[in-house]
There are 2 protein chains.
Amino acid sequence: MNSIVKHIAIACTFVAMSDTKRYAIAIHGGAGTILKSSMTPKLEKAYQQILEKAIQRGYKLLEKKASALDAVETAVKLLEDAPLFNAGRGSVFTANGKHEMDASIMDGKTLDAGAVALLQKIKNPIELARMVMEHSGHVFLAGKGAEDFASKMGLKKMEASYFYTEARYKQLQLAKKADKVLMDHTDRKFGTVGAVALDQFGNLAAATSTGGMTNKKFGRIGDSPMIGCGTYANNNSCAVSCTGSGEYFIRVNAAFHVSALMQYKKYSLEKACREVVDHLLPSIGGDGGLIAIDHAGNISMCFNTEGMYRACKSSVGDYSIGIYK
Amino acid sequence: MNSIVKHIAIACTFVAMSDTKRYAIAIHGGAGTILKSSMTPKLEKAYQQILEKAIQRGYKLLEKKASALDAVETAVKLLEDAPLFNAGRGSVFTANGKHEMDASIMDGKTLDAGAVALLQKIKNPIELARMVMEHSGHVFLAGKGAEDFASKMGLKKMEASYFYTEARYKQLQLAKKADKVLMDHTDRKFGTVGAVALDQFGNLAAATSTGGMTNKKFGRIGDSPMIGCGTYANNNSCAVSCTGSGEYFIRVNAAFHVSALMQYKKYSLEKACREVVDHLLPSIGGDGGLIAIDHAGNISMCFNTEGMYRACKSSVGDYSIGIYK
């Protein structure tokens, strides 16, 4: 494959921390061609409000000594429930007019992980991913089998109408007309959501959830439910959640790659994230971004696209919400 | 999770190479509790014969300047067609009496990869994985969607009876009686098959295929189809194919981990494989093994269980077939 770099725009937000009982959380709502020029003030405000709500809710949990796992699950659930993002309620349509949602979660303390793929009826895929991690004896369940496990666990299922949003349906019609598989918008926007956190006990966690690609066929699974690709957490290094052209993130093992560069090449979190987002992914044609937090509480929110919906908040007073580069 | 090391037995075969136009191939047919005391001479011979056939076939392709990709695909297809191994024809039964097969393949030259999961009717899952890599525009397809893609590609499908073997059916009855999900045998044997190769052009490739776990439910996906977990190849480092307790191989990103240790910690292939198999996997309770080959043509076949069906052959005259420690 040729090394075509479609987006050379690079952006990175870096927050360094230094207190003792530090804790922090970062979230994303997808990266891609997000331009201020194509955004209405009303829509921009709506995005900012839900990002603010999710980051505050996650942060407050950490403040009350909740686990990093609880914080990332709660933040991702809020983003899944918002129709604005391509995950949970706002998931895009597959070619046959259905929804196929994927999610994963990882506990940096134990390296325990849970993942689900090709879900059609689960309100909060991230909740099921956690149940897989804690109660299935497995890591990765998919399709009808995963839905059966959800039933066994008593998890809430929704009718297809719950996941219907007019905007996503229009996207499908456009995609069908063009006979193209689109990321989640005609202008290459990857609407995956995710969260990473460090709690007061020094534990890291990461969570990612997605509705996949508009007009997708053939039961395609992207990087989001793949441990080490879209999601990774390890107390010895960092927690990472990715969003972007999933196939490329899989091929470079993006999330675990950040951790490996920190553990084995002694890179800082920031340098490791930049290596993956600015060099490794573009070298094979991949675009998107990631959020990451290390065991010292440093936060990195990197992307090689025009924008990434993102927010972070830490116990040393850092607080930011961003959309554009 | 506690760090329970169930098997502390360690074994490793290491072959170093030094010629210029070197090429080599290694294969495995699963690791686990494989004891000479519980093997009949007839069965032992049958295993040795199919291992010999597969390694010779793959090696001859390399000799004739075929690609590493062709060599690993051909060797894995032969192992899939043999009812002795838990992949393709000899796949174990799921709880509802079906088969759910997974496979993946990776090209170390381009980092292109293809993976399939939860297949019920495909004669050679590894063939479909390669088609996904080369013709789908995606990396990972699963379930009915993957079978639809196979139909589009004109791939041969088989009736369920093709995959029926009496021994596997008996295993299912035993597992149901005990109400347990078994690896692929009552005595913890992981029957996944795999191959890694270095061709005359310096390209590496890896392939893995499995029938999963007897009596499994809920659409469980193991490490075999997960790029970076059960399979990985990169010309800059190595090609790896794993077999074992899949959930643990996922959580440590076993295959890519070997590569990361070589690339970023400057470990030799042998040291990197030993670190993963002897330390990282046991530290979270994982057992199994892997085969790996590096860009210089060195081969490693490591396992922390009583045995691993394995074979290797190189252009500098190395040739071995092994079953026990």
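Taken together, the criteria place residue A:127 among residues that are within 21 Å of residue A:223 (Cβ to Cβ), among the charged types (D, E, K, R) and buried (at least 18 other Cβ atoms within 10 Å of the Cβ).
Among what's in the range B:282-316 and is of a type in the set (Asp, Glu) and out of contact with any helix residue (DSSP H, G or I) (no Cβ under 6 Å at 6 or more places or on another chain), pick the residue that is nearest to residue B:47 (Cα to Cα). Break it down into steps so the answer makes sense when it comes.
Filtering the range B:282-316 down to residues of a type in the set (Asp, Glu) leaves B:287, B:294, B:306.
From what is left, the residues that are out of contact with any helix residue (DSSP H, G or I) (no Cβ under 6 Å at 6 or more places or on another chain) are B:287, B:306.
On the way: B:287: 22, B:306: 16 Å.
Checked the range B:282-316; the qualifying residue nearest to residue B:47 (Cα to Cα) is B:306.
The residues in the range B:193-222 that are open to solvent by less than 10 Å² (accessible area, probe 1.4 Å) and under 27 Å from residue B:296 (Cβ atoms) can be counted, and the count is 13.
Residues in the range B:68-94 that are touching a residue at least 60 places away in the same chain (Cβ under 8 Å), open to solvent by less than 40 Å² (accessible area, probe 1.4 Å) and assigned to a loop (DSSP other than H, G, I, E, B): B:85, B:86, B:87, B:91, B:92, B:93, B:94. Give the range B:278-288 a look and list any residue that's part of a helix (DSSP H, G or I), more than 10 Å from chain A (Cβ to nearest Cβ) and touching a residue at least 60 places away in the same chain (Cβ under 8 Å), or say none. The answer is B:278, B:282.
Name the one entry in B:50, B:34 that is open to solvent by less than 20 Å² (accessible area, probe 1.4 Å), of a type in the set (Val, Ile, Thr) and either in contact with a Gly (Cβ under 7 Å, 6 or more places away or on another chain) or closer than 21 Å to residue B:319 by Cα (or both). Explain how you work it out, then say what you get.
Working: B:50 fails: open to solvent by less than 20 Å² (accessible area, probe 1.4 Å).
Exactly one of B:50, B:34 is open to solvent by less than 20 Å² (accessible area, probe 1.4 Å), of a type in the set (Val, Ile, Thr) and either in contact with a Gly (Cβ under 7 Å, 6 or more places away or on another chain) or closer than 21 Å to residue B:319 by Cα (or both), namely B:34.
Could you list, in sequence order, all residues of the range B:245-263 that are polar (S, T, N, Q), under 16 Å from the mean Cα position of the chain (by Cα) and more than 7 Å from chain A (Cβ to nearest Cβ)? Before the answer, list the steps.
Here is the first cut: in the range B:245-263, the ones polar (S, T, N, Q) are B:245, B:253, B:259, B:263.
After this cut, where a residue has to be under 16 Å from the mean Cα position of the chain (by Cα) as well, the list is B:245, B:253.
B:245 - this is the single residue of the range B:245-263 that is polar (S, T, N, Q), under 16 Å from the mean Cα position of the chain (by Cα) and more than 7 Å from chain A (Cβ to nearest Cβ).
Scanning the range A:115-144 for residues that are facing another protein chain (nearest Cβ under 10 Å) and of a type outside the set (A, V, I, L, M) gives A:136, A:137, A:138, A:140, A:143, A:144.
Taking the range A:265-277, which residues are within 11 Å of chain B (Cβ to nearest Cβ), surrounded by fewer than 19 Cβ atoms within 10 Å (Cβ to Cβ) and in a helix (DSSP H, G or I)? Within the range A:265-277, A:265, A:275 meet the criteria. Restricting attention to the range A:289-325, the residues that are assigned to a loop (DSSP other than H, G, I, E, B) and open to solvent by 10 Å² or more (accessible area, probe 1.4 Å) total 9. Pairing each residue of the range B:312-324 that is within 17 Å of residue B:71 (Cα to Cα) with any residue that is of a type in the set (D, E, K, R) and part of a strand (DSSP E or B), provided the two are 6+ apart or on different chains, yields C-beta distances under 7 Å for B:319/B:313.
Based on this model, can you work out whether residue A:141 counts as buried (at least 22 other Cβ atoms within 10 Å of the Cβ) and either in a strand (DSSP E or B) or modelled with pLDDT under 95 (or both)? Spelling it out, residue A:141 is indeed buried (at least 22 other Cβ atoms within 10 Å of the Cβ) and either in a strand (DSSP E or B) or modelled with pLDDT under 95 (or both). With respect to the conditions (1) in contact with a helix residue (DSSP H, G or I) (Cβ under 6 Å, 6 or more places away or on another chain); (2) surrounded by fewer than 24 Cβ atoms within 10 Å (Cβ to Cβ), residue B:119 lacks only one, and its number is (2).
Within the range A:244-272, residues that are under 24 Å from residue A:211 (Cβ atoms) sit with their Cβ atoms under 7 Å from residues that are open to solvent by less than 20 Å² (accessible area, probe 1.4 Å) and hydroxyl-bearing (Ser, Thr, Tyr), at 6+ positions apart or across chains, in these pairs: A:246/A:224; A:255/A:231; A:255/A:232; A:256/A:232.
The values are calculated or read from the model by the stated rules, or taken from the named source; none is laboratory data. The structure presented is a predicted model; accordingly, all values stated were derived computationally and were not measured. Cβ atoms come from the backbone with ideal geometry, glycine included; neighbour counts cover every protein chain shown. Heavy atoms of the whole protein, side chains included, go into the accessibility calculation; ligands, DNA and RNA do not. Shrake-Rupley method; radii C 1.70, N 1.55, O 1.52, S 1.80 Å.
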